[in-house]
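The values are calculated or read from the model by the stated rules, or taken from the named source; none is laboratory data. What you see is a predicted model, and the numbers here were worked out from it, not measured in a lab. Methodologically, a virtual Cβ is constructed for each residue, glycine included, from the backbone with ideal geometry; neighbour enumeration extends over all protein chains shown.
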Amino acid sequence: MPNEEKDLALVAQAVVPVTDDRYKSRSWQGIPGIECAGNGRLWATFYSGGDEEGPDNYVALVTSGDGGRTWTDIRYVVDPPGKVRAYDPCLWHDPSGRLWLFWAQSYGWYDGRCGVFAATCDNSGDEKAVWGEPRRIADGIMMNKPTVLASGEWLMPIAVWACQSSDLNYLPEERFSNVYRSIDQGVTFHKLGFADIPTRGFDEHMIVERGDGSLWMLVRTLYGIGQSESLDGGRTWTPGGPSALGGPDSRFFIRRLRSGSLLLVNHYESEKKRSHLTAMLSDDDGRSWIGNLLLDERNRVSYPDGVQAEDGRIYLIYDRERNNDKEILMAVFTEEDVRRGEIASDGAALRRIVNKA
């Protein structure tokens with residue numbers, strides 16, 4: 001396509017409030033993210049628009065002030081004009097408490113370059129959020145939360161897909177599971193390094209800092225989850241290979257909890273189907289896993305994202321039947337629930353509806 005057409009995707013689109021009913025009817029929706037403000041207010045994001053993933057997509061935001069028991073309908077959107085789509089959103093509170101909304105923009109389904117955009121909000125504890133001016137951070141897509149290292153550096157898992165492009169010779173030096181870094185609390189970002197994991201599809205990678213200071217990257221692959229390791233803060237990465245985590249070709253979620261344990265949510269004992277979404281814990285930096293709390297055994301449950309609130313409660317969001325039941329669902333549980341392998345804590349819940357189109 002002509003570059004001037006593709007370059008329409010470089011224009012940053014604002015996060016705007018919804019003032020009419022144009023987003024009420026939705027043919028499909030999915031790919032969610034979640035965050036929790038210091039006062040307990042929850043924010044969730046997902047994307048929709050058109051009949052499927054494509055040029056009509058927009059990013060949506062909803063919120064809950066009662067611990068996720070009830071949610072607003074769509075309150076804010078990022079909705080580019082024409083054939084530019086907004087998709088694969090990510091919510092994240094930085095160490096100062098500022099809420100970031102990241103999303104990707106592309107001309108058409110995939111223009112070979114895309115771009116990670118971000119806007120921030122300083123009052124995420126309020127129902128009426130005030131979003132700042134959007135900006136473009138990098139080529140690529142970032143749908144999983146950044147990692148803050150013990151040094152205070154931020155690492156961003158950004159990828160330029162090596163598949164589904166009309167021109168695989170476009171940006172060949174960027175078609176990896178890239179790591180961007182900020183050393184000034186998000187004022188600037190620069191590419192630090194990258195990992196190359198064979199048979200990766202859409203990357204969707206996440207980064208964990210281990211107790212010894214090494215970094216562990218997990219990456220979505222055609223066979224499940226691949227891995228790579230960095231011993232120099234993310235500048236260089238070992239050749240990628242399979243992990244022992246299994247699962248289908250789908251997004252997973254991994255995060256360090258306040259206790260120091262790692263939480264992993266993946267499709268347990270399900271190598272091909274997106275079913276049996278299960279939470280697991282590791283007390284030894286991922287060498288072994290315990291718990292196995294089954295969150296949803298049904299088929300077509302996918303794309304988990306989570307956050308641990310200040311009171312220790314874990315909120316885990318995912319989608320189900322994107323084109324049929326069109327549900328965004330949430331599980332609420334504690335670390336102890338995972339260790340027991342069953343829901344036992346006060347206020348815990350499974351399959352709670354966040355949004356149903």
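Residue 201 meets the stated requirement of being surrounded by fewer than 23 Cβ atoms within 10 Å (Cβ to Cβ) and part of a strand (DSSP E or B). For segment 316-357, filtering for residues that are surrounded by fewer than 18 Cβ atoms within 10 Å (Cβ to Cβ), in contact with a Leu (Cβ under 8 Å, 6 or more places away or on another chain) and either of a type in the set (Gly, Ala, Ser) or at pLDDT below 95 (or both) leaves 1.
Every residue, every condition in (1) more than 28 Å from residue 175 (Cα to Cα); (2) in contact (Cβ under 8 Å) with a residue 40 or more places away in the chain; (3) surrounded by fewer than 20 Cβ atoms within 10 Å (Cβ to Cβ); (4) among the hydroxyl-bearing types (Ser, Thr, Tyr), yes or no:
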position	(1), (2), (3), (4)
46	no, yes, no, no
61	yes, yes, no, no
72	yes, yes, yes, yes
93	no, yes, yes, no
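Of the numbered criteria (1) buried (at least 22 other Cβ atoms within 10 Å of the Cβ); (2) among the aliphatic types (A, V, I, L, M); (3) under 21 Å from residue 33 (Cβ atoms), the one residue 195 fails is (3).
Quick check: is even one residue across segment 221-234 surrounded by fewer than 20 Cβ atoms within 10 Å (Cβ to Cβ), polar (S, T, N, Q) and over 26 Å from residue 34 (Cα atoms)? Within segment 221-234 (the criterion being surrounded by fewer than 20 Cβ atoms within 10 Å (Cβ to Cβ), polar (S, T, N, Q) and over 26 Å from residue 34 (Cα atoms)), the answer is no, since none of the residues qualifies. Scanning segment 236-258 for residues that are over 21 Å from the mean Cα position of the chain (by Cα), in a loop (DSSP other than H, G, I, E, B) and surrounded by 13 or more Cβ atoms within 10 Å (Cβ to Cβ) yields 236, 237, 238, 240. From 316, 329, grab the single residue that is in contact with a Gly (Cβ under 6 Å, 6 or more places away or on another chain) and of a type outside the set (Ser, Thr, Tyr). Criteria check complete, one pass: 316. Output yes when any residue across segment 64-75 is outside any loop (DSSP other than H, G, I, E, B), under 21 Å from residue 349 (Cα atoms) and not charged (D, E, K, R), and no when none is. Yes: segment 64-75 contains one or more residues that are outside any loop (DSSP other than H, G, I, E, B), under 21 Å from residue 349 (Cα atoms) and not charged (D, E, K, R). So which residues in segment 115-142 are assigned to a loop (DSSP other than H, G, I, E, B), among the aliphatic types (A, V, I, L, M) and surrounded by 21 or more Cβ atoms within 10 Å (Cβ to Cβ)? Residues satisfying the conditions are 129, 142.
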